[in-house]
Amino acid sequence: MTTRAQALIPIFIAAVIIGSIGLLTLPTEIKLEQVKFPIGVIKVDNVPLEVQIADNESSRVRGLMFQEQLPIDKGMLFVFPEQGLYSLWMLNMQFELDMIWFDNNGKVVHIKTNVPPCVIPVEIAAGCPSFVPDGEATYILEVASGFVEKNNITKDSVLEIISI
């Protein structure tokens, strides 16, 4: 005899997959319904970047979801109210990213490069992996994949905020 849990598990999995497929097949107009992020300027080791600023909960949750591309000289800077262990994931991303976590003094805490998007319904149903830094951060910079290597960004690199 089937238990209630055994009957509900396949229904739950099917609902997650169908919901994920629905998100992935939303019309482009809805996906790209612009969330207006403030724009700022930063430098990482004297490499200037124009960044979209995600400085509140809703903008940090949205992040770069559904954006089609990110030029090598642009990025998104996640700004948190206090230093902590903040993770990122790649749900509904369309391209690979490099991620750099910085402490409140602008020193690199963690670097993750060439992070692939989480777009396959099976991945989404199973849960997109989260990327957690080695230490506490106040800022996280997402840039196009290849930025870290191209600009020789290391644990000794420094974030300088020009305007946010």
Next item on the list: Name, by its number, the condition in (1) under 18 Å from Phe37 (Cα atoms); (2) of a type outside the set (Gly, Ala, Ser); (3) not in a strand (DSSP E or B) that does not hold for Leu141.
Entry: (3)
Check: Based on what the data block shows, is Val109 part of a strand (DSSP E or B), farther than 17 Å from Ile153 by Cα and either without any contact (Cβ under 8 Å) to a residue 40 or more places away in the chain or not hydroxyl-bearing (Ser, Thr, Tyr) (or both)?
Finding: no
Notebook entry, point to check: Can you name the residue in the range 66-118 that is of a type in the set (Gly, Ala, Ser) and surrounded by fewer than 16 Cβ atoms within 10 Å (Cβ to Cβ) and, of all such residues, is modelled with the lowest pLDDT?
Noted result: Ser87
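Yes/no per residue for (1) under 19 Å from Leu97 (Cβ atoms); (2) surrounded by fewer than 18 Cβ atoms within 10 Å (Cβ to Cβ); (3) modelled with pLDDT under 95; (4) not β-branched (Val, Ile, Thr):
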position	(1), (2), (3), (4)
Ile124	yes, no, yes, no
Asp134	yes, yes, yes, yes
Val148	yes, no, no, no
Val158	no, yes, no, no
Notebook entry, point to check: in a strand (DSSP E or B), under 23 Å from Lys43 (Cα atoms) and of a type in the set (S, T, N, Q): does that describe Thr154?
Noted result: no
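The values are calculated or read from the model by the stated rules, or taken from the named source; none is laboratory data. Predicted model, so just to flag it, every value in this text is computed and none were measured. All Cβ positions, even for glycine, are placed from backbone atoms using ideal geometry, and neighbour counts span all protein chains on display.
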